[in-house]
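The structure appears below as structure tokens.
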Protein chains: 2
Amino acid sequence: MKDKILKIAQKAKAASRKLSNISTKIKNNSLMAMADLLEERTDFIVEANSKDIKYAKGKGLSPAMIDRLTLNAVRIKEMSKGLREIAALPDPVGEVVRMWRRPNGLQIGKIRTPLGVIGIIYESRPNVTADAASLCIKSGNAVILRGGSEAINSNIAIAKVLSEAGSSNGLPDNSIQLIDVTEREAIFEMLKLNAYIDLIIPRGGHSLIRTVVENSTIPVIKHDKGLCHVYIDSEADLEMGKKVAFNAKVQRPGVCNAMETLLVHKDVAGSFLPSMIKKFKDANVEIRGCQRTKAIVSDIKDATADDWDTEYLDLILSVKVVDSIDDAIEHITRHGSMLSEAVVTKNYNNAWKFLREVDAASVFVNASTRFTDGGQFGLGAEMGISTQKLHCRGPMGLEELTSTKYIVFGDGQVRE
Amino acid sequence: MKDKILKIAQKAKAASRKLSNISTKIKNNSLMAMADLLEERTDFIVEANSKDIKYAKGKGLSPAMIDRLTLNAVRIKEMSKGLREIAALPDPVGEVVRMWRRPNGLQIGKIRTPLGVIGIIYESRPNVTADAASLCIKSGNAVILRGGSEAINSNIAIAKVLSEAGSSNGLPDNSIQLIDVTEREAIFEMLKLNAYIDLIIPRGGHSLIRTVVENSTIPVIKHDKGLCHVYIDSEADLEMGKKVAFNAKVQRPGVCNAMETLLVHKDVAGSFLPSMIKKFKDANVEIRGCQRTKAIVSDIKDATADDWDTEYLDLILSVKVVDSIDDAIEHITRHGSMLSEAVVTKNYNNAWKFLREVDAASVFVNASTRFTDGGQFGLGAEMGISTQKLHCRGPMGLEELTSTKYIVFGDGQVRE
């Protein structure tokens, strides 16, 4: 098995060298052909998927898990649509980010290049196979996919179709490879291969991400949990605050950029919280309040110390009354996951203070935390949302899958 | 000891929060005060340094090592000069890299922020203590320094002076901390603290870097070895080729961006190599040639297979005749460390081919590999040269010690 993973990595490295200088046209044609072939081979993919579903049902997986696993003609069409959208995006490779001239006449430029080989370790949803592979190909990277064992048949089928379409359109062999070893050991083997793999992106639960971060010799970009806040300032437009907070919690509670804790300045808590909490309750949101919140709206649960650190991913909200914007920022810094944080205020100083002092991937004034998303930010497509500071932070598009190199034009300069 | 390192990391984290929003003026005043106080305390530092020197001599360290370790009034003045230069550079924090407007009216910006806490693990030269600390402070980061045991007294003295000058000029306490535990275990403890430390930069030999990469749970930017080439193309200006190759090898052979292997196209080998090799020999460079090189210039050593993979860091050069630019690029890709690579050519297509296909941190046309350097590139100061692709590649200045965050200005937008 060790040997198998090593060979995959070596083949990926060789493919990445060819891929790094391939034309945009070949990449786009390949992506379009992949989209077409996925639709054409719907039956083949659905059949493979049915094996996974059968096995999952046998193992007693929850209906929600089985739903995430399920592929059908509509979902395969969505995958194809994603591929075509990525084909339509501009190619990031070759963009000169900056260029300047030195006193000795050297012209120095910083140009975007592919990273090389990207390893994606993911769980459950088989559509990630197509999304991740196509983003890597468009940015000129070879990709090694390692999906979850529960989707192994679906992933093998999708990867096979993608490779076939790529190969017949000029993509180097082994540009897209899937590790079909389902043992957990395969991940550990993969994480040792820093001579061949340039980046590992784990997508999945907290335990997967922790395992990867703790064992990888390869640089990692992680997409960890989201524990987001909305802070209603003393000078907030309260109607806007209600709209933003409601959207942040209710529009899609199960995702990382949904709000988990609402912070309200004490001066407006009395006028804001009764109608806000009523609105949440009408939408079946369970409220857990601090003592000062309960003094205003009594028929809610007590928030415990744990609540401030809990990512519910559900229709549950903790609410806290704070004395000042400093206390709000302090609470966010202590308990937040620094993914997506919002303030609602009409006060110029408080808006800037929040933007400056909250050290999250995205910080909003007067808008919902739910906008932290590659599509919403206009990046076109998204590989995930980086919750770390190195290389990139926040939604990751094609640009974030590239590196740069310096190119230097001289006419015989030597160093004194 | 474990507890001590943890406390240092926690204090650094707390300091980094304050540092991230401190004014440029306080940072610059602190750096200028540090420069002054270093000079003022020359005797104190030299005295501490003399303990290290005494110990090093007792241990029988080489004169070269002892020279690297030695501090005197001139070298302390150089450190101070470095600090003043960093004070004079523009502050990278707060720069808005890009800003755009979405159809829904959201104005989205990407703004530079400090990384947080940077850990530097280095060897031998005590001046790194001042250089690294000042770059971190200027970019708004708290720093944890872990120098080599052989310079421990010097490092403690320098860090003490820097902290004192910082504190009396408004820098948060614990912005600069030095780990005074000399046991190797201290490094392993440090590398576990990803909850507090945002980046580790190892500076030193290959074995230090390997230890850090293999054991760190914290993202690492590494500065690994340099095995650089100059390729003399069939259409080179041979006089320029001679000048560039000579400079790349001889101007300072002991550094990472010096040339180790000279590649020469077969069509010009006969006219180029005799006078080139004579010039090298006159400068006491030992030549190790391939068989085709030896057929042209006979009185040189044979290059063995190992030579192509050896970073001499010395007045030794391996020389190889190649059939084509493709063979040259293939050789570089196989044997190079992808740090600094140069082609000498008058041919437009070959220049672009080399720039595109050689995947090194810096690629030069008609200039010496020795220019790969923060100062030479105009970055003002340098933390090292990244030999990895993630986050930054090539010379690292202040900008490379920052992250970005998204700031979003709305007027009540919610997600549909």
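The values are calculated or read from the model by the stated rules, or taken from the named source; none is laboratory data. The structure presented is a predicted model; accordingly, all values stated were derived computationally and were not measured. Reconstructed Cβ throughout: ideal geometry from the backbone, glycine too, with neighbour counts over all protein chains shown.
Evaluating A:R415 against the criteria (1) in a loop (DSSP other than H, G, I, E, B); (2) in contact with a helix residue (DSSP H, G or I) (Cβ under 7 Å, 6 or more places away or on another chain); (3) buried (at least 20 other Cβ atoms within 10 Å of the Cβ) leaves one unmet condition, (3). For region B:103-123, enumerate the residues that are more than 17 Å from B:E399 (Cβ to Cβ), surrounded by fewer than 20 Cβ atoms within 10 Å (Cβ to Cβ) and in contact (Cβ under 8 Å) with a residue 40 or more places away in the chain. Scanning region B:103-123 gives B:N104, B:G105, B:Q107, B:E123. Against the list (1) under 30 Å from B:D198 (Cβ atoms); (2) within 14 Å of chain A (Cβ to nearest Cβ); (3) touching a strand residue (DSSP E or B) at 6+ places or on another chain (Cβ under 7 Å), the condition B:A245 fails is (1). A:V255 satisfies every condition listed in (1) over 27 Å from A:M338 (Cβ atoms); (2) within 14 Å of another protein chain (Cβ to nearest Cβ) except (1).
Hey, does region A:52-63 have a residue that's charged (D, E, K, R), within 21 Å of the chain's Cα centre (by Cα) and not in a helix (DSSP H, G or I)? No; the residues of region A:52-63 include none that is charged (D, E, K, R), within 21 Å of the chain's Cα centre (by Cα) and not in a helix (DSSP H, G or I).
Criterion applied to B:N174, B:N169 was being modelled with pLDDT of 95 or more and either over 21 Å from B:I152 (Cβ atoms) or within 24 Å of the chain's Cα centre (by Cα) (or both), and the one residue passing it is B:N169.
With a requirement of 3 or more residues that are under 30 Å from the mean Cα position of the chain (by Cα) and closer than 30 Å to A:L19 by Cα, the strands (runs of 3 or more DSSP E) lying completely within region B:265-364 that satisfy it span B:340-344. Residue pairs whose Cβ atoms lie under 7 Å apart, sitting 6 or more positions apart in sequence or on different chains, and linking a residue in region B:144-158 that is charged (D, E, K, R) to a partner that is buried (at least 20 other Cβ atoms within 10 Å of the Cβ) and part of a helix (DSSP H, G or I), are B:R146/B:A186; B:R146/B:I187; B:R146/B:M190; B:E150/B:D52; B:E150/B:L69. State whether the residues of region B:298-309 include one that is surrounded by 22 or more Cβ atoms within 10 Å (Cβ to Cβ), charged (D, E, K, R) and farther than 30 Å from B:Q177 by Cβ. Among the residues of region B:298-309, not one is surrounded by 22 or more Cβ atoms within 10 Å (Cβ to Cβ), charged (D, E, K, R) and farther than 30 Å from B:Q177 by Cβ, which makes the answer no. Of the numbered criteria (1) in contact (Cβ under 8 Å) with a residue 12 or more places away in the chain; (2) under 18 Å from A:D91 (Cα atoms), the one A:R17 fails is (1). For the condition at the interface with chain B (Cβ under 7 Å from one of its Cβ atoms) and under 26 Å from A:I221 (Cα atoms), A:D359 qualifies. On the phi < 0 side of the Ramachandran plot, touching a residue at least 40 places away in the same chain (Cβ under 8 Å) and buried (at least 22 other Cβ atoms within 10 Å of the Cβ): does that describe B:F409? Judged against the criteria, B:F409 is not a match. The set of residues in region A:363-416 being more than 7 Å from chain B (Cβ to nearest Cβ) and small (G, A, S) consists of A:G374, A:G375, A:G380, A:A381, A:G384, A:S386, A:G397.
Exactly one residue out of A:D36, A:D52 is in contact (Cβ under 8 Å) with a residue 60 or more places away in the chain, in contact with a Leu (Cβ under 8 Å, 6 or more places away or on another chain) and more than 30 Å from A:T404 (Cβ to Cβ): that is A:D52.
Per-residue answers, yes or no, for (1) out of contact with any strand residue (DSSP E or B) (no Cβ under 9 Å at 6 or more places or on another chain); (2) in the same structural domain as A:I144 (by TED's automatic domain parsing); (3) closer than 12 Å to A:K138 by Cα:
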residue: A:M79; (1), (2), (3): yes, yes, no
residue: A:E85; (1), (2), (3): yes, yes, yes
residue: A:P90; (1), (2), (3): yes, yes, yes
residue: A:R101; (1), (2), (3): no, yes, no
residue: A:L106; (1), (2), (3): no, yes, no
residue: A:R112; (1), (2), (3): no, yes, no
residue: A:I121; (1), (2), (3): no, yes, no
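Only one of the listed residues (B:L262, B:L273) is touching a residue at least 40 places away in the same chain (Cβ under 8 Å), in the same structural domain as B:S298 (by TED's automatic domain parsing) and over 22 Å from B:E357 (Cβ atoms). That residue is B:L273. Residues in region B:218-235 that are under 11 Å from B:F272 (Cβ atoms) and either crowded, with 24+ Cβ neighbours inside 10 Å or within 11 Å of chain A (Cβ to nearest Cβ) (or both): B:I232, B:D233. Against the conditions (1) away from chain B (no Cβ under 14 Å); (2) of a type in the set (K, R); (3) surrounded by 13 or more Cβ atoms within 10 Å (Cβ to Cβ), A:K278 satisfies every one except (3). Scanning region A:236-255 for residues that are buried (at least 23 other Cβ atoms within 10 Å of the Cβ) and in a loop (DSSP other than H, G, I, E, B) yields a single hit, A:A236. Scanning region B:55-84 for residues that are touching a Lys or Arg at 6+ places or on another chain (Cβ under 7 Å) and more than 20 Å from B:E39 (Cα to Cα) gives a single hit, B:I66. For region A:84-100, a residue qualifies if it is β-branched (V, I, T) and away from chain B (no Cβ under 14 Å), and exactly one does: A:I86.
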